[in-house]
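Q: I'd like to ask you about the structure that follows.
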Amino acid sequence: MRRGPHVTELAELGAGEWDTTLAESGLPFRFSHRAAAGQALGRMYESYRFTPLRVEYDDGVVLLLPLVRVTRRIAPLSMALALPLGLEGRPLALAGTPGPGHLEALFDALDGCGRLDVAGGAGGSPPAAGEVSLQTTHVLDLSPGFEELWAHAFGAKTRNMCRKAERGGVTVTPESRPEAVAVYQSLYRASALGWGYSVPPYPDALFAALLSNEHAELWLARAGHEAVAGAVMLRGSEDLLYWSGAMNREFRHLAPSNAIIRAVVEDACRRGIAYLDFGSSAGISGVETFKRSFGAQEREYRTVSLTTLRYRQLERARRAAGRLGAGAAA
């Protein structure tokens with residue numbers, strides 16, 4: 001029998017009850033902890049279902065976990081994700097301090113689950129249970145205020161690019177109209193092709209689902225009447241996450257993406273938001289340089305994965321079959 005803490009109660013909360021519990025916890029949380037994030041994923045993928053949990057343990061620890069259950073045709077390959085698509089899903093502790101044993105006990109308590117992934121982020125990391133991977137995001141502390149950031153955090157070249165956008169007539173506004181969402185979807189699809197994707201990583205339906213929530217923000221940059229760049233920002237209790245950005249490369253000489261970040265930072269400072277999380281750059285040096293040019297600092301976090309022996313065996317068999325199939329096709 002496994003030693004360590006044991007789950008005494010595993011309660012799935014409704015979306016409304018979950019958001020109320022978050023708001024009343026007094027804990028800082030990300031947009032990804034909100035029900036809107038999990039529900040958007042559930043609407044996008046038929047096999048996904050948002051199942052946020054309140055977990056109590058025999059040692060007094062109580063956790064909130066924004067979990068998405070993923071049903072797969074082969075049942076032992078079914079998963080629980082907190083959270084996919086670059087979203088933070090670390091557990092929030094209502095009582096006590098969680099350790100690796102608490103995630104292991106939760107995994108044991110999740111019926112029919114072959115894999116549990118829990119992603120950290122700028123807000124913190126889950127306990128180091130199972131297989132651990134380290135990732136990096138870039139975070140801009142907004143507490144100094146915009147004027148101080150403009151003068152001392154933004155690089156000289158970045159300030160010049162922002163001025164260039166202004167001289168070129170680029171305007172930036174937050175948008176909420178459905179037609180604005182459609183404009184961003186078009187920008188994103190075109191950008192994805194330029195990044196080398198035949199199919200965009202995120203479908204139109206995901207942007208529509210996320211941006212239907214009041215805590216998700218769409219910003220568009222226009223040159224004249226034409227939208228030339230955009231960004232999707234996801235707002236937590238004290239932060240903004242720069243989750244998605246897109247630009248029409250024909251207008252890159254006007255630096256519209258720089259103009260968007262400047263406008264977002266200035267507005268966030270005015271609202272008293274604590275920090276802007278630029279998100280993971282996946283090790284792409286040019287993207288990291290862009291983020292650092294605004295004064296954003298690296299912040300390392302971990303993502304953990306727990307799997308059953310059966311899951312690992314089936315995954316190895318599935319990958320081997322895929323390689324054999326590819327070899328036969330060649």
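Q: Starting from 0 in steps of 10 Å, tell me what percent of the Cα-Cα pairs of region 119-179 lands in each bin.
A: Percent of Cα pairs in each bin: 15, 26, 28, 22, 8, 0.
Q: Which cross-chain or sequence-distant (5 or more) residues have an amide H under 5 Å from the amide H of Arg72, H modelled 1.01 Å from N in plane?
A: Under 5 Å from the amide H of Arg72: Ser78, Met79.
Q: Just the Kirkwood number for region 193-330, please: inverse of mean 1/r across all distinct Cα pairs, in Å, one decimal.
A: The Cα-based Kirkwood calculation yields 18.2 Å.
Q: Two-decimal Rg/Rh of region 143-273 from alpha-carbon positions, Kirkwood Rh? Don't jump to the answer; show the numbers that get you there.
A: Values: Rg = 14.7 Å, Rh = 15.2 Å.
A ratio of 0.96.
Q: When you count, for each residue, the other Cβ atoms within 10 Å and take the mean per peptide, how do 222-231, 148-157 rank with the highest first?
A: In decreasing order of mean packing, 222-231, 148-157 become 222-231, 148-157.
Q: How far is it, in nm, from the label point at Gln297 to the one at Ala321 when both lie 7 Å from their Cα along the line to the Cβ?
A: 5.0 nm
Q: Projected onto the charge dipole of region 127-276 (+1 at Lys/Arg Cβ, -1 at Asp/Glu Cβ, origin at the Cα centre), which of Ser198, Tyr242, Ala216 gives the Cα projection farthest towards the positive end?
A: So the residue we want is Ser198.
Q: Largest first and in whole Å, what are the equivalent-ellipsoid semi-axes of the chain based on the Cα gyration tensor, each being the root of 5 times an eigenvalue? Present the calculation step by step, with values, prior to reporting the outcome.
A: Numbers: eigenvalues 265, 119, 66 Å².
For the chain, the semi-axes come out at 36, 24, 18 Å.
Q: Further question on the same structure: Limiting things to C-alpha atoms, what are the Rg and the maximum Cα-Cα separation (Dmax) for region 10-160, in angstroms?
A: 17.8, 58
Q: Return the whole-Å distance between the Cα centroid of region 7-60 and the Cα centroid of region 120-141.
A: 19 Å
Q: Here's a follow-up. Near the amide H of Ala229, under 5 Å away, which other amide H atoms are found, from residues 5 or more places off or on another chain, if H is placed in the peptide plane?
A: Here the answer is Ala221, Asn248, since their amide H atoms fall under 5 Å of that of Ala229.
Q: Report the label-to-label distance for Arg177 and Ala95 in nanometres (one decimal), using points 7 Å from each Cα along the Cα→Cβ vector.
A: For Arg177 paired with Ala95, the spin-label model returns 5.1 nm.
Q: Okay, moving on. Run the dipole for region 81-131 about the Cα centre, Lys and Arg Cβ at +1, Asp and Glu Cβ at -1, nothing else charged, and hand back the magnitude in debye, nearest 20. Intermediate results must be reported in sequence, preceding the final value.
A: Values: 2 positive and 6 negative charges, 30 e Å.
The dipole magnitude comes to about 140 debye.
Q: Ok, one more. By DSSP, what percent of the beta bridges with both residues in the chain are antiparallel, rounded to the nearest 5?
A: In the chain, DSSP labels about 90 percent of beta bridges as antiparallel.
Q: A follow-up question, please. Quick one: which residues, 5+ away or cross-chain, put their amide H under 5 Å from the amide H of Glu88? H built at 1.01 Å from N.
A: Residues meeting the amide H criterion: Ser32.
Q: Need the C-alpha centroid separation for region 261-280 versus region 205-239, integer Å.
A: Result: 13 Å between the Cα centres.
Where a number appears in this text, it was derived from the coordinates with a stated rule and is not lab data. Quick caveat, the model's predicted, so the values are computed rather than measured. In this analysis, Cβ positions are derived from the backbone assuming ideal geometry, glycine residues included, and neighbour counts consider all displayed protein chains.
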